[in-house]
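Engineer: Sharing a structure here in structure tokens format.
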Amino acid sequence: MRKARLATIIIAALMLVVILASCGGKEKPTEPVIDPPAGMVYISKGSFTMGDTTGEEALLTPHKVTLNSFFISKYEVTQAEYAQYMLPGMPWTVEYGLGDNHPAYYVSWYAALKYCNLRSIAEGLTPCYKINGSTNPEDWGEIPIDRDSPNIDAWDAATCNWKTNGYRLPSEAEWEYVARAKTNDPDLLYSGSNNINTVAWYVDNSGGKSHPVGTKEPNAIGTYDMSGNIKEWCWDWSGGYYSSSQTNPTGPDTGMWRVLRGGYWDDPANWCKVFFRFADKPIRIEHNYGFRVCRSKVD
């Protein structure tokens, strides 16, 4: 009888061990695989530390930012892509980089918004931007070219519907999240490396002009040229940083300058760091101003 009880206890104990082992071995649920649109990368929701984590720039206060999921283009918008819908503010030239796969430049912030809505409409997506109460750029009037343009106030009051599936500019926080490959570990200086020459066209290696997109190495999540080549417009009006945490920030409601990020082919290395900021008037059409596009992940 004792032997039978002992055997029963041993068997029960072994079964308990097997059950516990099998429970402990279960993998934690993971986010489902998302198939991004062509030419884009899926950026899963998450948090990171935005700002200058090196302590070099006192005004770029590090702060926690949490973002929803979205998609972003692997490359800066190219001249071939831009020319499908619009002409640049000035002709592209060999001097600054000319060719279908070169980044589009001579693009104002206003022009980037028009491109996004035109492309969204052409691809059957819901446009994000609204000006004068309309998402159709035909209703917006001419793109402002100076502060005396009669419709400039309407363009400055443009709104973005972040819940539609059309093309849009990244917010400044989205841009930095992607440039950092969604992490501060490792806390890289440039997008993809601490060695700028491997990931960026800048003053020391560019030969004084832009280069075809994607000809340097990508960062860990597969986006290219987020340091150097062409400065990229973001949605945000320029404003100060604060130490408090933020969720899906999109910048101040009003301002004078819109944010640009990433540095360009004639900038020093320091200006191509992932946290470095630029800002300019949204009317400005420069040989070093371009952009890349995003799309919100709409459930």
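The values are calculated or read from the model by the stated rules, or taken from the named source; none is laboratory data. Every value quoted in this text rests on a predicted model; they were computed, and no experiment measured them. With ideal geometry, Cβ positions are generated from the backbone for all residues, glycine too; neighbour counts draw on all protein chains shown.
Engineer: Run down 149, 134 and say which single residue is of a type in the set (Ser, Thr, Tyr) and at pLDDT below 95.
Structural biologist: Just one listed residue meets the conditions, 149.
Engineer: Within the stretch 145-156, is even one residue buried (at least 18 other Cβ atoms within 10 Å of the Cβ) and assigned to a loop (DSSP other than H, G, I, E, B)?
Structural biologist: Within the stretch 145-156, not a single residue is buried (at least 18 other Cβ atoms within 10 Å of the Cβ) and assigned to a loop (DSSP other than H, G, I, E, B).
Engineer: Which one of these does residue 247 not meet: (1) farther than 24 Å from residue 181 by Cβ; (2) surrounded by fewer than 16 Cβ atoms within 10 Å (Cβ to Cβ)?
Structural biologist: (1)
Engineer: Further question on the same structure: Restricting the search to the stretch 171-180, which residues are surrounded by fewer than 24 Cβ atoms within 10 Å (Cβ to Cβ) and either among the acidic types (Asp, Glu) or more than 25 Å from residue 123 (Cα to Cα) (or both)?
Structural biologist: Result: 173, single match.
Engineer: Being within 19 Å of residue 267 (Cβ to Cβ), assigned to a loop (DSSP other than H, G, I, E, B) and in contact (Cβ under 8 Å) with a residue 60 or more places away in the chain is the requirement here; does residue 201 meet it?
Structural biologist: yes
Engineer: Restricting attention to the stretch 34-65, and to residues there that are of a type in the set (D, E, K, R) and in a loop (DSSP other than H, G, I, E, B), which single residue is farthest from residue 165 (Cα to Cα)?
Structural biologist: Ranking the qualifying residues of the stretch 34-65, first place goes to 56.
Engineer: Return the only residue of 125, 118, 188 being surrounded by fewer than 24 Cβ atoms within 10 Å (Cβ to Cβ), in a helix (DSSP H, G or I) and more than 16 Å from the chain's Cα centre (by Cα).
Structural biologist: Selected residue: 118, the only one of 125, 118, 188 that is surrounded by fewer than 24 Cβ atoms within 10 Å (Cβ to Cβ), in a helix (DSSP H, G or I) and more than 16 Å from the chain's Cα centre (by Cα).
Engineer: Between a first residue in the stretch 72-91 that is more than 13 Å from residue 111 (Cβ to Cβ) and part of a helix (DSSP H, G or I) and a second residue that is among the aliphatic types (A, V, I, L, M) and at pLDDT 95 or above, which pairs have beta carbons less than 8 Å apart while being 6 or more apart in sequence or on different chains?
Structural biologist: 79/98; 79/104; 81/104
Engineer: Among the numbered conditions (1) at pLDDT below 95; (2) exposed (fewer than 15 other Cβ atoms within 10 Å of the Cβ), tell me where residue 57 comes up short.
Structural biologist: Going through the list (1) at pLDDT below 95; (2) exposed (fewer than 15 other Cβ atoms within 10 Å of the Cβ), residue 57 breaks only (2).
Engineer: Which residue is surrounded by the fewest Cβ atoms within 10 Å (Cβ to Cβ), if the candidates are limited to the stretch 203-244 and must be of a type in the set (Phe, Trp, Tyr) and in contact with a strand residue (DSSP E or B) (Cβ under 9 Å, 6 or more places away or on another chain)?
Structural biologist: The qualifying residue surrounded by the fewest Cβ atoms within 10 Å (Cβ to Cβ) is 242.
Engineer: Still on this structure: So the check is Cβ under 7 Å with 6+ separation or different chains; which pairs have a first residue in the stretch 221-239 that's more than 27 Å from residue 161 (Cβ to Cβ) and of a type in the set (Ser, Thr, Tyr) and a second one that's in a strand (DSSP E or B) and modelled with pLDDT of 95 or more?
Structural biologist: Qualifying pairs under 7 Å: 227/190.
Engineer: Just to be sure before I move on: is residue 168 basic (Lys, Arg), more than 17 Å from the chain's Cα centre (by Cα), at pLDDT 95 or above and surrounded by 20 or more Cβ atoms within 10 Å (Cβ to Cβ) in the structure I sent?
Structural biologist: Considered against the rule, which asks whether it is basic (Lys, Arg), more than 17 Å from the chain's Cα centre (by Cα), at pLDDT 95 or above and surrounded by 20 or more Cβ atoms within 10 Å (Cβ to Cβ), residue 168 comes out as no.
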